[in-house]
């Protein structure tokens, strides 16, 4: 049953942005970016795709499987992206065509391991959303979410409120989907399963999502609510079902992998980034949850610096939620970017279950 709490806080002029990094998914069973490749080798069921990645590492990096120092995704993908951009081969065997396939297989490794690791989440994202929206009945108007995670933990937690009184809210991803009908500000899926409310909560996923399937032929995206639809591309070779393509065009995931040469040229991602900038510009406070601010995320740092700078000097509060020690390397990275910040050395689980103590 819905009840209003924490009435001492004046939320009238508050606009809160929750900025999610990989550390928020880790207590649910997820893994950090630095662990993706090693874990995918241990768990992946698609031998052909993984074997190609392993062969590349052996050929180019002389990597042996008893060596614990496996290269990171950034180290592997960086040279591949540069080679593809310059239209050059890395070797006579690893030509442009093979490198393009290799890159797709590396993205598959990301999607596959996240799909397996997060099949049975603990429900921390659900608890976080429940506790957040219980603060007051119109709390959804005060909050926006920006996420760098491909998983759909936060998506599913928010979707539980799509037909729940008094909320009846829906997710605003910042893009339009080909299997959703938009009419006079309302949305309706093509199977007429529900007619969502005009109330929307922004969830802007800057690096893509496992429930988005992109067709490069008709330039459209399909939404797969509550499901990691990207896996159908790999397991069922699912073609585009739009009227234009008529199941003749193969689809792709929209997943920006961890690399120093990240590309955000996809028109849908451009729209999402633009709206994320608008949301951050209006923020009175921003909570960074489980985000380590790595050096490779220079585009993110630019977005944050540009969006959170205030001409009048009235900058938003910056609050860091991360279990790493206070005054450590992570804390200092945030200080270099923002100056003094509020830092809480706690994990997402503690934050979610004690939310009113930190809002």
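Modelled with pLDDT of 95 or more and in contact with a strand residue (DSSP E or B) (Cβ under 8 Å, 6 or more places away or on another chain): is that true of residue 289 in this structure? Reasoning before the result, please.
Working: modelled with pLDDT of 95 or more: yes; in contact with a strand residue (DSSP E or B) (Cβ under 8 Å, 6 or more places away or on another chain): yes.
Taking the combined requirement at face value, the residue satisfies it.
Scanning segment 271-291 for residues that are touching a helix residue (DSSP H, G or I) at 6+ places or on another chain (Cβ under 6 Å) and either surrounded by 19 or more Cβ atoms within 10 Å (Cβ to Cβ) or part of a strand (DSSP E or B) (or both) yields a total of 3.
Taken over segment 325-341, residues that are touching a strand residue (DSSP E or B) at 6+ places or on another chain (Cβ under 9 Å) and part of a loop (DSSP other than H, G, I, E, B) amount to 5. Which is assigned to a loop (DSSP other than H, G, I, E, B) and surrounded by 14 or more Cβ atoms within 10 Å (Cβ to Cβ), of 228, 222, 246? Of the residues listed, the single one that is assigned to a loop (DSSP other than H, G, I, E, B) and surrounded by 14 or more Cβ atoms within 10 Å (Cβ to Cβ) is 228.
Would segment 23-32 turn up any residue that is under 30 Å from residue 355 (Cα atoms), in contact with a strand residue (DSSP E or B) (Cβ under 8 Å, 6 or more places away or on another chain) and either crowded, with 18+ Cβ neighbours inside 10 Å or in contact (Cβ under 8 Å) with a residue 40 or more places away in the chain (or both)? Explain how you work it out, then say what you get.
Narrowing segment 23-32 to residues under 30 Å from residue 355 (Cα atoms): 23-32.
Then drop every residue that is not in contact with a strand residue (DSSP E or B) (Cβ under 8 Å, 6 or more places away or on another chain), which leaves 23-24.
Cutting the leftovers down to either crowded, with 18+ Cβ neighbours inside 10 Å or in contact (Cβ under 8 Å) with a residue 40 or more places away in the chain (or both) gives us 23-24.
Within segment 23-32, one or more residues are under 30 Å from residue 355 (Cα atoms), in contact with a strand residue (DSSP E or B) (Cβ under 8 Å, 6 or more places away or on another chain) and either crowded, with 18+ Cβ neighbours inside 10 Å or in contact (Cβ under 8 Å) with a residue 40 or more places away in the chain (or both).
Summed over segment 251-265, the residues that are touching a strand residue (DSSP E or B) at 6+ places or on another chain (Cβ under 8 Å) and either buried (at least 18 other Cβ atoms within 10 Å of the Cβ) or free of Cβ contacts under 8 Å to residues at least 24 places away in the same chain (or both) give a count of 5.
The values are calculated or read from the model by the stated rules, or taken from the named source; none is laboratory data. Keep in mind that what you see is a predicted model, and the values were worked out from it rather than measured. Neighbour counts run over all protein chains shown; Cβ positions are idealised from the backbone, glycine included.
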